[in-house]
Amino acid sequence: MILEQIPIGPMQNFGYVLGDGKTKEGAIVDPGWDADTLLSAAKRHGLLIKKIILTHAHYDHVKALQEMVDKTKAEVVIHEDEPFDAKRYSTAIVLVKDNDSIPIGGLKMKVIHTPGHTPGSICLLHGRKMITGDTLFVGGCGRVDLPGSDPEQMWQTMQKLRKMDDGIEIFPGHDYGDTPSSPLGHEKKHNPFLSSGTKEDFFGERL
């Protein structure tokens, strides 16, 4: 699998280029800014962008979406629970749910519904690599004091992630940590939001 993490925009965002090295079919994840930067990276890998996947629909993750759609004609993939004005975009909108698979050539990206930061936030898992959007950062997690956020759901999401394999490498939506990615096992031990023993501890850290 091709996975390139690309710093974009003025808010420390990461966008991602995903692709199947054999079929050369590709996808862009979270085109918040700098569409040309993301497309240049895809071109370096020889990828034809067929999908644009959104981990959620906050402004800083979709600002360049229209430009990306115009330049690629790719379909947009988003969770069915995520507030999203699909009529703004002149392309196919594909709605997914928990445990769905998103095909990218011969690859299958597993959808993990991780609500809390937004109702339809998702993580994307293939093998031992997981793009976590604004659900889980290196050393942190997404805000839960925004419209549509839910602290209780985020707590449940953290419990869901704690059950996953320690060897999974997380690739977040923002460059907020000491490193651009991190093993999930490390986050379970050192990320205060993932290691909180009780709901009250978690709320004390996050709220």
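The table below gives the values:
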| item | result |
| --- | --- |
| Filter result for residue 118 (touching a helix residue (DSSP H, G or I) at 6+ places or on another chain (Cβ under 6 Å), of a type in the set (Ser, Thr, Tyr) and outside any strand (DSSP E or B)) | no |
| Enumerated helices (runs of 4 or more DSSP H) restricted to the range 136-207, each holding at least 3 residues that are in contact (Cβ under 8 Å) with a residue 12 or more places away in the chain and more than 26 Å from residue 6 (Cα to Cα) | 151-162, 199-206 |
| Qualifying residue in the range 84-93 (condition: within 18 Å of residue 35 (Cβ to Cβ), modelled with pLDDT under 95 and assigned to a helix (DSSP H, G or I)) | yes |
| Residues being polar (S, T, N, Q) and outside any loop (DSSP other than H, G, I, E, B) - total across the range 13-57 | 3 |
| Qualifying residue in the range 89-102 (condition: in contact with a Cys (Cβ under 8 Å, 6 or more places away or on another chain), under 22 Å from residue 169 (Cα atoms) and among the hydroxyl-bearing types (Ser, Thr, Tyr)) | no |
| Tally, over the range 144-157, of residues that are within 20 Å of residue 190 (Cβ to Cβ) and either in contact with a strand residue (DSSP E or B) (Cβ under 9 Å, 6 or more places away or on another chain) or surrounded by fewer than 18 Cβ atoms within 10 Å (Cβ to Cβ) (or both) | 2 |
| Only listed residue being small (Gly, Ala, Ser), in contact with a Lys or Arg (Cβ under 8 Å, 6 or more places away or on another chain), surrounded by fewer than 21 Cβ atoms within 10 Å (Cβ to Cβ) and modelled with pLDDT of 95 or more, chosen from 9, 32, 26, 21 | 9 |
| Which listed residue is out of contact with any Lys or Arg (no Cβ under 6 Å at 6 or more places or on another chain), within 20 Å of residue 102 (Cβ to Cβ) and of a type in the set (Val, Ile, Thr), from 122, 168 | 122 |
| Close pairs from the range 41-59: first without any contact (Cβ under 8 Å) to a residue 24 or more places away in the chain, partner among the basic types (Lys, Arg), Cβ under 6 Å, at least 6 apart | 46/24 |
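The values are calculated or read from the model by the stated rules, or taken from the named source; none is laboratory data. Note that the coordinates shown come from a computational prediction; the quantities given were computed from them, not determined experimentally. Neighbour counts run over all protein chains shown; Cβ positions are idealised from the backbone, glycine included.
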